[in-house]
Each structure stands twice: as structure tokens, then as C-alpha cells.
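S.K.: What follows is a single structure, and I will ask about it in a moment.
Rule-based calculations on the coordinates, nothing more; no lab input. Note that the structure is predicted; figures quoted are calculated from it, not measured. All Cβ positions, even for glycine, are placed from backbone atoms using ideal geometry, and neighbour counts span all protein chains on display.
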Amino acid sequence: MTSRVLECGDAAEDDTTSTTTTTTTTTNNSGLPLKRGSKGELVKQLQRFLVAEGYDIGSFGVNRDGVDGDFGRRTEQAVIENQQPFSTFKSMYPSAVRGQVSADFFNSNIRGRY
């Protein structure tokens, strides 16, 4: 037996149950905002972004470039420097908190790129 998706106005020609699957892509903001003490893959993406932007976040991690997935003092300092001047940064990202990486900034500038 084969099944098919019914269009509006179609009638089933047999007793087969038809289903329609819809895939919705959403942005998972779990783990955001990133802040001192955060750990994991999102922090590594942030750290790769900071290194690409020219910030020195230390010599930790596998490649000794500071990318270790641990949002510590050096990562926090680089985030604060990246947010300067903070008043301008806050006007672009209203949910911004000094030294933290908000979901809107992360999703706009980092997610999927690093």
C-alpha cells in the first residue's frame, strides 16, 4: 500500500492514513547569554570569534590560542573590549549586559560562523 498527502478537496482513494510533516527551524538560545563561568561549544564559538577579531584571550586550549570552551577572565575582558563604547553597543543590542554575550549578538554575529 502506498500513501499520499491529501491536498484540499482531495478524497482518499483507499483506506491509507495520510500525514503531513512540517519542519520548523528555530534558533536554540539555550545557554545564552554567555557570561563568566559559562562552558561549552557556544563559548568556543565566541572565543574563535574573539581570536578572529584580534583579541588575545590567552594560550589555553588544544591550539594554544585561548579557545578552550571556558568563559574565564580573559574571555570576559575581550568581550568588554569588544563592547566599547558600551553605550553605542547597547543601542545596537538593547539586551546587552557589559561583559556578557546576549542571544541577539551571538545569533547575529557568531552562530554558524565560528
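S.K.: Hey, rough spin-label estimate for Asn29 and Met92, points 7 angstrom out along Cα→Cβ, what's it come to in nanometres?
M.R.: If labels sit at Asn29 and Met92, their model points lie 1.9 nm apart.
S.K.: Pop a pseudo-label 7 angstrom from the Cα along the beta-carbon direction at both Glu81 and Ala52 and give the gap in nm to one decimal.
M.R.: 1.8 nm
S.K.: In debye, nearest 20, what is the charge dipole magnitude of region 49-101 about its Cα centre with +1 on Lys and Arg Cβ and -1 on Asp and Glu Cβ, if you could check?
M.R.: For region 49-101, the charge dipole is close to 200 debye.
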